[in-house]
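The values are calculated or read from the model by the stated rules, or taken from the named source; none is laboratory data. Quantities reported herein were computed from a predicted structural model and do not represent experimental measurements. Methodologically, a virtual Cβ is constructed for each residue, glycine included, from the backbone with ideal geometry; neighbour enumeration extends over all protein chains shown.
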Amino acid sequence: MKIVFLALLMLMPLNADAGALTPDSVLQTPATFTDQDGTPFRLASRQGKVQIVAMFYTSCQYICPLIIDSAKGIDHALGETERSGLRVLLISLDAERDTPAVLRAVTNDRHLDTARWTLAHTDADGVRNTAALLGIRYRKLEGGDFNHTSAMILLDRTGRIVARTEKLGPVPDPDFLDAVKRTLAQP
């Protein structure tokens, strides 16, 4: 157990405060992600902010645009102060096609505030690991599409899962929205 913990610490970025992460924090994943600007990061670097996390892929014509709309609906339902404390992280399931340039095009097309919204990709192992941590089931279909769980997951400032919803749409799930507001109100 001690060796595993030390190995996890060695994989974390130097700027992450390992003491603040609890054992059930999904931010402890060793995967390296790349954002829409081509900047690599680890999830541990995102601690300290409440965030909504979802997995999607950019070539999806069905549920993935609705995932983005649902996160935007939550965002718009918040007051300005609440909104400033919330981050949204959309992680691509498509490690092959969702390059930073493709992710950047989506942020531009969907008018996403990249100061608070991050679209990211990782390699196939990182996708599997992250999906498992978030309870997202997926499989790649012939032709390149994905069948996947469509969910938004709320993480507290230490990366623990606080709430989850699979109720998607422009009108926010009221229970999930309440959880977001309660979590944002906590110090």
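Return only the number of the condition from (1) more than 19 Å from residue 44 (Cα to Cα); (2) crowded, with 17+ Cβ neighbours inside 10 Å; (3) at pLDDT 95 or above that residue 159 does not satisfy.
(1)
Yes or no: residue 67 under 29 Å from residue 144 (Cα atoms), touching a residue at least 24 places away in the same chain (Cβ under 8 Å) and either of a type outside the set (Lys, Arg) or surrounded by fewer than 17 Cβ atoms within 10 Å (Cβ to Cβ) (or both)?
For residue 67, the condition - under 29 Å from residue 144 (Cα atoms), touching a residue at least 24 places away in the same chain (Cβ under 8 Å) and either of a type outside the set (Lys, Arg) or surrounded by fewer than 17 Cβ atoms within 10 Å (Cβ to Cβ) (or both) - is met.
Residue 113: modelled with pLDDT of 95 or more, surrounded by fewer than 16 Cβ atoms within 10 Å (Cβ to Cβ) and acidic (Asp, Glu), yes or no?
Yes.
I'm checking my understanding of the structure. Among residues of the range 162-187 that are among the charged types (D, E, K, R) and assigned to a loop (DSSP other than H, G, I, E, B), which one is surrounded by the most Cβ atoms within 10 Å (Cβ to Cβ)?
Among those residues, the one meeting the criterion is 173.
Which one of the conditions (1) under 21 Å from residue 187 (Cβ atoms); (2) under 11 Å from the mean Cα position of the chain (by Cα) does residue 92 fail to meet, given that it meets all the rest?
For residue 92, the exception is condition (1).
Going residue by residue through the range 1-15, is there one that turns out to be at pLDDT 90 or above and in contact with a helix residue (DSSP H, G or I) (Cβ under 9 Å, 6 or more places away or on another chain)?
Within the range 1-15 (the criterion being at pLDDT 90 or above and in contact with a helix residue (DSSP H, G or I) (Cβ under 9 Å, 6 or more places away or on another chain)), the answer is no, since none of the residues qualifies.
Among the residues of the range 111-154, which ones are over 25 Å from residue 183 (Cβ atoms), of a type outside the set (Val, Ile, Thr) and within 12 Å of the chain's Cα centre (by Cα)?
Passing the criteria: only 121.
Name the residues in the range 74-94 that are surrounded by fewer than 20 Cβ atoms within 10 Å (Cβ to Cβ) and assigned to a helix (DSSP H, G or I), would you?
75, 76, 77, 80, 81, 82, 83, 84 - these are the residues of the range 74-94 that are surrounded by fewer than 20 Cβ atoms within 10 Å (Cβ to Cβ) and assigned to a helix (DSSP H, G or I).
Pick out the one residue from 103, 141, 133 that is buried (at least 19 other Cβ atoms within 10 Å of the Cβ) and either free of Cβ contacts under 8 Å to residues at least 40 places away in the same chain or touching a strand residue (DSSP E or B) at 6+ places or on another chain (Cβ under 8 Å) (or both).
After applying the criteria, what remains is 103.
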